[in-house]
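Taken together, the values in this text are just the output of simple stated rules run on the coordinates, not laboratory data. As the structure is a prediction and not an experimental result, all values here were calculated from the model. Note that each Cβ is placed from the backbone with ideal geometry, even for glycine, and that neighbours are counted across all protein chains shown.
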Amino acid sequence: MVGICAVIFLFGKGNAANLVEPQPGRFSMNLLSAFGVALVATFWAYKGWESATYSAGEVKQPERNMPLGILIGLTAVIALYLLANLAYLYVLPAGVIAQTPRVAAEAMKVAVGPAGASIISFIILFSIMGAANQNLLCSPRVYFAMSRDGLFFKNIARVHPRYLTPHVSIIAISLWSVVLSLSGTFEQLFTYVVFGQWLFFGLTGAAVFVLRKKRPDLPRPYKTWGYPLTPALFVLAAFLISLNSLLKEFWNSLAGLAIIVLGVPAYFYWKRKETTSSPGATGK
């Protein structure tokens, strides 16, 4: 990414005027709402920071390394994204970017010609493969943990005897990903995900308050910075993002909500099954 930005800055006949902040328009609630919808796509670009926690059980000193890794990773990603956007704006006016579906390819085309667009498309393909690899590493751990806790099919928790990986969970989530990829457009899918995830991010943040009150005895190797203000602001922002997404992208958000609701009966089924099969329930 740094190399691509360097090529654009060095060889692109850009205009520094593109980087000047445009004159602000009149503020309205519609503008604020539109900004919230734009954040849906933006949050998708930054999505992945939470995935590192899925494999925390396999990390040495997770109480130290997980927060540190997330902080370093997010800082690096923010810096790279800002650099990339500066490079794109340098050679492409904001109006052109708004009408261009493949901004990186167009920026490279302006900088070094049509060959640049082909090169960047090839590089993006490898980036997609890297993102898929990250998902295959982290996401199956969710199914694995659910199965291990008795909230999913037992076979999902099986570990490969040679590679020591949750191979059944990897296969299951790969098949489900194929089904989802065939069920809608890219924009529809990331709206499902962003709406649902930020809803649960808000619930997770709220759980910080609940657990502090109900379970003050629990060990807390990592404590939230700025408590209680930090988690309170996070919870408020998460629910506002979800609400705005529901209002402005109603049908796509509703589809994401429907997928979540479909999981509720399954949760209670496995919860009841776990209770009835426990030693206390059978009198053993």
Checklist outcome for this item: Plugging the Cβ-Cβ distance of Trp225 and Thr42 into 1/(1 + (r/R0)^6) at R0 = 35 Å yields, to the nearest 0.05, a FRET efficiency of 0.90
Checklist outcome for this item: Taking a straight Cα-to-Cα line shorter than 25 Å from Lys271, and setting aside same-chain lysines fewer than 8 residues away, one finds Lys154, Lys213, Lys214, Lys284
Checklist entry - Under the definition of Cα pairs under 8 Å and six or more residues apart, what whole-number percent is the relative contact order of the stretch 183-273? => result 47
Checklist entry - For the stretch 183-273, what does the alpha-carbon gyration tensor say about shape, rounded, prolate or oblate, given a ≥ b ≥ c as the root eigenvalues, a/c under 1.5 as rounded, and a/b over b/c as prolate? => result oblate
Checklist entry - So what's the net charge close to His167: Lys and Arg +1, Asp and Glu -1, counting the other residues with Cβ under 13 Å from its Cβ? => result +3
Checklist entry - Can you work out the FRET efficiency for the pair Gln188 and Phe35, with r the C-beta to C-beta distance and R0 = 22 Å, to the nearest 0.05? => result 0.60
Next on the checklist: How charged is the neighbourhood of Lys154? Take every other residue with its Cβ under 12 Å from the Cβ of Lys154, and add Lys/Arg as +1 and Asp/Glu as -1.
Outcome noted: +1
Checklist entry - With labels modelled as points extended 7 Å from the Cα through the Cβ direction, what inter-label distance (nm, one decimal) is found for Ala79 paired with Ala207? => result 3.2
Checklist entry - Sorted from fewest to most neighbouring beta carbons within 10 Å, what does the list Thr191, Thr185, Thr224 look like? => result Thr185, Thr224, Thr191
Next on the checklist: Relative contact order of the chain, please, whole-number percent, based on alpha carbon pairs below 8 angstrom and at least 6 residues apart.
Outcome noted: 20
Next on the checklist: For Met146, Met108, which order do you get if you count the other beta carbons within 10 Å of each Cβ and list the fewest first?
Outcome noted: Met146, Met108
Checklist entry - So which lysines can Lys109 reach, going by Cα to Cα under 24 Å and dropping same-chain residues fewer than 8 places off? => result Lys13
Checklist entry - Which of the helices in the chain meet the span-like rule: DSSP H, Cα axial reach of 30 Å or more, Kyte-Doolittle mean at least 0.5? => result 62-91, 114-138, 186-214
Next on the checklist: Could you tell me the extents of the chain's C-alpha atoms along the three principal axes, largest first, rounded to whole Å?
Outcome noted: 78, 49, 39
Checklist entry - Taking K and R as +1 and D and E as -1, what net charge do the other residues with C-beta under 11 Å from the C-beta of Ala41 add up to? => result -1
